[in-house]
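*Asks:* Got a structure for you, questions after.
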Amino acid sequence: MREAIKFTFIALLILGVIVFTGIFPIWGFSIMGIAVFALGIYDLTQTKHTILRNFPVIGHMRYLLELIGPELHQYFVESDTDGKPIDRNHRSYIYQRAKLEKETHPFGTELNVEAENFKWMEHSIYPAKILDAPPLITVGGPTCTQPYSASLLNISAMSFGAISKNAVLALNKGAKAGNFFHDTGEGGISEYHRQGGDLVYEVGTGYFGCRTEDGNFSAEKFKETAAYPEVKMIEIKISQGAKPGHGGVLPAAKNDEEIAEIRGIEPHIDVISPPGHSAFSDAKGLLRFVQQMRELSNGKPIGFKLCIGKEEEFIEICEKMVETGIKPDFITVDGAEGGTGAAPIDFTNYVGMPWEKALIFVVDQLNGYGLKKNIKVLTATKIITAFDIFKALCLGADVCNSARGMMIALGCIQSLKCDTNKCPTGVTTNNPSLMRGLVVEDKWERVKNYHYRTLHDFLELFAAAGCTSCDQLHRKFIHKKIGDEIFSYEQLYPTVSDSAYVIKNSGK
């Protein structure tokens, strides 16, 4: 309906130009008059829209303005610092690095440094020498026989289906060129993922790529998929920040025959993954599943991803790790601010722990139970800039992932049409006429450039702090304004010492 209104107005506008410029004025005026009269009759007789029944023809102006409202707001109303979820300054940061354009900003900060919760980092008057290359982080505990060296910044989980095949191709080619990993998302592994870039195979509650006919986990299919040489790590998706406690959502409009075949489902239906796993239902079951996957994958790093909800449930997982000796090689921490292609609004707005508190909580628990030395913490949620990476590492993360940052590097303009199959930049649509705009051979280089330049910015911040090793990063480097006072994160969230909780509990 809305598209019809939009095209009707475009047609009337063209006819209006014909009339008022004197080009074929007689028949142009006649056609326009007939079109307006027909539209008016339709409006008066239709029963679905009150505005149109009461205000035929001119009532369409409301719907036209509503259609272009987001564009009007983005380009003419919002400032450089207040766009949501990613403001214009941060989008510009990504575009400039992806296109190898300028890296400087004129005339000083546009941020209000006196605002509540404003954050900043300490620097040293004795900066260190800038490292020649970013450090790599080894992921793999004592029982892992195929450890993986991960970049500090990688592509976070985005499924084929949620994003287009062209987007997947460009992301994977960029990951290969830049030597960083590409998380597949829960939609399985397609041929577009297998372009030579390192993969983290994400297994969600729908078990796409390792699924039985009735939707349960298939050990045989998992073993086959996990054996792909591109698959370097496996991630069990327990929950996602944008919709924790709710399964993944792929609208029917985006579920075509190709995507359905890869996922092992029926095409052209809404795909809503179960909210929880059928392979386990408690902490011990989760750890046994980790152990099973490690064995089936011949010792590749196994981890799980979650958004924190009930704190006691994560504490129980830590307790069971100590009790059973079974540990994942990594844990990915997502925050409630995480992105998604489609989610119920209440889950997006009101469910799950925000990223900063979640990351600190997970790191503290792992430290307290003596687990952090064997488990790497990955994190993803609005990781955009070098400062975002620096802050995350200071709070205790080892590796950062970015989804929306990589999407914007591909050309995403934050049109907020991800769930409609009408993405104008071809990133989140499988519509061929829109997808053709995303030229893979151009966009993969932008992904690589964004990754490279952002880590280069990080190394400059790293040196400015006087650091030469990631082990030196600490919560004391990051400060937050609260009221009229400034506190370091170490003051707000004192670091928990190794095995502090185990010692305390054993002393009872």
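*Asks:* What order do you get for Trp444, Trp120 when you list them from fewest to most C-beta neighbours inside 10 Å?
*Replies:* Details: Trp444 25, Trp120 15.
Least to most surrounded, the residues fall as Trp120, Trp444.
*Asks:* For the chain, what is the charge dipole size about the Cα centre, in debye to the nearest 20, if Lys and Arg each add +1 at the Cβ and Asp and Glu each add -1 at the Cβ?
*Replies:* 400 debye
*Asks:* If you take every DSSP beta bridge fully contained in the range 106-231, what fraction is antiparallel? Give it as a percent rounded to 5.
*Replies:* Here the share of antiparallel DSSP bridges comes out near 45 percent.
*Asks:* What ranking of Val113, Val231 emerges when the number of other C-beta atoms within 10 Å of each C-beta is taken as an exposure proxy, fewest first? Mind dumping the intermediate values first?
*Replies:* Values: Val113 9, Val231 19.
Ordered from fewest to most neighbouring Cβ atoms within 10 Å, Val113, Val231 come out as Val113, Val231.
*Asks:* Something else now. With charges set only on the Cβ (+1 for Lys and Arg, -1 for Asp and Glu), what does the dipole of the range 72-228 come to about its Cα centre, in debye to the nearest 20?
*Replies:* My answer is approximately 540 debye.
*Asks:* Sticking with this one: If Lys and Arg each add +1 and Asp and Glu each add -1, what is the summed charge of the other residues whose beta carbon sits under 14 Å from the beta carbon of Glu316?
*Replies:* -3
*Asks:* Dipole of the chain (Lys/Arg Cβ +1, Asp/Glu Cβ -1, origin at the Cα centre): which of Ser164, Asn374, Asn112 lies farthest to the positive side?
*Replies:* It is Ser164, whose Cα lies furthest towards the positive end.
*Asks:* In the range 311-377, which trypsin sites (Lys or Arg not before Pro) fall in coil by DSSP and have 15 or fewer other Cβ atoms within 10 Å?
*Replies:* For trypsin sites (Lys or Arg not before Pro) across the range 311-377 that sit outside H, G, I, E and B with at most 15 neighbouring Cβ atoms in 10 Å, the list reads Lys373.
*Asks:* Go through His277, Pro135, Leu287 and say which Cα lies farthest out towards the positive end of the charge dipole of the chain; charges sit on Cβ, +1 for Lys and Arg, -1 for Asp and Glu.
*Replies:* Result: Pro135.
*Asks:* Continuing with the same structure: Note down the magnitude of the dipole of the range 399-508 about its Cα centre, charges +1 on Lys and Arg C-beta and -1 on Asp and Glu C-beta and zero elsewhere, to the nearest 20 debye.
*Replies:* For the range 399-508, the charge dipole is close to 360 debye.
*Asks:* Turning to a different aspect of this structure: So which lysines pass the test for Lys102, namely a Cα distance under 17 Å, with those fewer than 8 places away in the same chain ruled out?
*Replies:* Once the sequence-local lysines are set aside, what remains near Lys102 is Lys448.
*Asks:* Here is a follow-up. Please rank Ser488, Ser273, fewest neighbouring Cβ atoms within 10 Å first, as an exposure proxy.
*Replies:* Taking fewest neighbouring Cβ atoms as first place, the list is Ser488, Ser273.
*Asks:* Same structure, new question: Express in whole angstrom the spacing between the alpha-carbon centres of the range 400-417 and the range 124-170.
*Replies:* Each part reduced to its Cα centre gives a spacing of 17 Å.
*Asks:* Once the cut-off is 21 Å, how many percent of the Cα-Cα pairs in the range 325-440 end up in the long-distance tail? Can you show the working numbers first?
*Replies:* Values: 3298 of 6670 pairs.
Counting every Cα pair in the range 325-440, those more than 21 Å apart make up 49 percent.
*Asks:* To continue, here is another question. What percent antiparallel are the DSSP beta bridges of the chain, to the nearest 5?
*Replies:* 30 percent
*Asks:* Net charge near Ile238: determine it from the other residues with C-beta under 14 Å of the C-beta of Ile238, scoring Lys and Arg +1 and Asp and Glu -1.
*Replies:* Summing Lys and Arg as +1 and Asp and Glu as -1 gives -3.
*Asks:* Between Gly437, Tyr201, Gly247, whose Cα lies farthest towards the positive end of the dipole of the chain when Lys and Arg beta carbons carry +1 and Asp and Glu beta carbons carry -1, centred on the Cα centre?
*Replies:* Gly437
*Asks:* Nearest 10 degrees, 0 to 90: what angle lies between the long axis of helix 386-395 and the longest principal axis of the chain (Cα atoms)?
*Replies:* That helix lies at roughly 40 degrees to the long axis.
*Asks:* His105 to Lys129: extension gain in nm, 0.36 nm per residue of separation minus the Cα-Cα distance?
*Replies:* Values: separation 24, 0.36 × 24 = 8.64 nm, distance 2.34 nm.
That works out to 6.3 nm of additional length.
*Asks:* Can you work out ³J(HN,Hα) from phi for every residue in the range 422-439, in order, using Karplus 6.51 cos²θ - 1.76 cosθ + 1.60 and θ = phi - 60°, giving whole Hz and x for Gly and Pro?
*Replies:* 10, 4, x, 9, x, 7, 10, 9, 10, 6, x, 5, 8, 5, 4, x, 8, 8
*Asks:* Compare the peptides 180-192, 218-230 by average per-residue count of other Cβ atoms within 10 angstrom and give them in order, highest first.
*Replies:* Values: 180-192: 25.0, 218-230: 15.5.
For the peptides 180-192, 218-230, the packing ranking is 180-192, 218-230.
*Asks:* Taking the 0 to 90 degree range and rounding to the nearest ten, how far is the long axis of helix 165-178 tilted relative to the main principal axis of the chain, both from C-alpha atoms?
*Replies:* Orientation of helix 165-178: about 40 degrees from the principal axis.
*Asks:* Also: As I understand it, the value is the acute angle between the Cα axis of helix 88-98 and the longest principal axis of the Cα atoms of the chain; what does it come to in degrees, rounded to 10?
*Replies:* 70 degrees
*Asks:* How many angstrom separate the Cα center of the range 261-295 from the Cα center of the range 310-372?
*Replies:* Using only Cα atoms, the two centres lie 18 Å from each other.
*Asks:* List, in the order given, every pair from Lys376/Lys443; Lys284/Lys376; Lys119/Lys476; Lys254/Lys357; Lys382/Lys443 whose Cα-Cα distance in the structure shown is over 23 Å.
*Replies:* With Cα atoms farther than 23 Å apart: Lys376/Lys443; Lys254/Lys357.
*Asks:* Mind listing the phi-derived Karplus ³J(HN,Hα) values for the range 361-375, rounded to whole Hz, using 6.51, -1.76 and 1.60 with θ = phi - 60°, and x for any glycine or proline?
*Replies:* Each residue's phi maps through the Karplus curve to give 4, 4, 4, 4, 5, 5, 4, x, 9, x, 9, 4, 5, 10, 10 Hz.
*Asks:* Over the chain, what relative contact order in percent results from Cα pairs under 8 Å that are six or more residues apart?
*Replies:* Computed value for the chain: 18 percent relative contact order.
*Asks:* Calculate one ³J(HN,Hα) per residue across the range 313-323 by plugging θ = phi - 60° into the Karplus curve 6.51 cos²θ - 1.76 cosθ + 1.60, and present them in order as whole Hz with x for glycine and proline.
*Replies:* Going residue by residue, I get 5, 6, 4, 4, 4, 4, 4, 6, 4, 5, 5 Hz, with x marking Gly and Pro.
Any read-out appearing in this document is the output of simple, stated calculations on the displayed coordinates, not a laboratory observation. This structure is a prediction, so every number in the text was calculated from the model and none was measured. Positions of Cβ are backbone-derived with ideal geometry, glycine not excepted, and every protein chain shown enters the neighbour counts.
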